[in-house]
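Just so it is clear, none of the values below were taken in a lab; they were calculated from the coordinates. Quick caveat, the model's predicted, so the values are computed rather than measured. Glycine gets a Cβ as well: all are built from the backbone with ideal geometry, and neighbour counts include every protein chain shown.
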Amino acid sequence: MNAVEVNELVKKYGEFEAVKGVSFNVNEGEIFGLIGPNGAGKTTILRIIATLLQITEGSVRVFDYDVEKEADEVRKLISYLPEDAGAYRNLTGREYLSFIATFFGGKKEMVERGIEIANLGKRIDDKIDTYSKGMIRRLLVARALMNKPKLSILDEPTSGLDVINAQEVRKIIQRTVKEGTTVLLSSHNMLEVEFLCHRIALINEGRIVEEGSPEELKEKHDAKNVEEVFLKVMK
Ligand code: ATP
């Protein structure tokens, strides 16, 4: 079974067509990356898969559940990290993860796992409003992965993180995938995409312009790395 099946997806905001007939599948157990310039439609596609936006045309299924007709079932299986997510700043990191865990039955191991993923050391007991941008992002990634969702949808998971923190988060994502989560992410970072993703789709102006594994795409375009593929395809 595919983790995600996107079929001829169209999304209009009023008259403006942000997504113009996109189809792709995400296999269970893989890390699939959407890359593309600003405004390409990545966030729109991720929000639709996360059951947060209405479809204009086409269909999307998550583990064979229809994201519109069976949204409640889909929501039980997924987690979603928005691009611009915030956390409750008056809570400590630990309190925040405990609060989120209550939605999933409040298991203590879940909070412990979240704390381990966030890896904030003693600062986990400080108020979130004393955290740096990178610390908040790590806490939010921990929140998205601590309950071992079947599918985690991560919109630019490492945005705003320094090189070391970003690499840590990528390792966390890889580890979570080994433990059974499928990951669909978006990124502007080509190194990240190459390092992390089993397959990628390149999106431009609401259309998929290229799709495949980083290796396949590099070979096809005679490119040294995914960045070069991207630049060649976007020309
Ligand atoms: P970025 O890399 O900058 O985050 P993106 O690929 O995630 O971009 P989207 O946020 O999906 O792109 O936006 C796709 C297009 O849809 C853009 O032209 C954007 O301006 C437009 N758009 C997004 N949300 C809305 C909205 N609520 N109303 C109108 N237009 C929107």
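Seen against the Cα atoms of the chain and their longest principal axis, helix 133-145 is set at about 80 degrees. Roughly how tilted is helix 93-102, in degrees to the nearest 10 and between 0 and 90, from the longest Cα axis of the chain? The angle comes out at about 70 degrees.
Relative to the longest principal axis of the Cα atoms of the chain, the long axis of helix 108-118 makes an angle of roughly 60 degrees. Applying both filters, DSSP loop and at most 16 other Cβ atoms within 10 Å, to the trypsin sites (Lys or Arg not before Pro) of region 104-202 gives LYS107, LYS150. Checked against a 28 Å cut-off, the cross-linked pairs LYS148/LYS235; LYS122/LYS150; LYS42/LYS107; LYS11/LYS171; LYS108/LYS171; LYS69/LYS150 give Cα-Cα distances beyond that limit for LYS148/LYS235; LYS122/LYS150; LYS42/LYS107; LYS11/LYS171.
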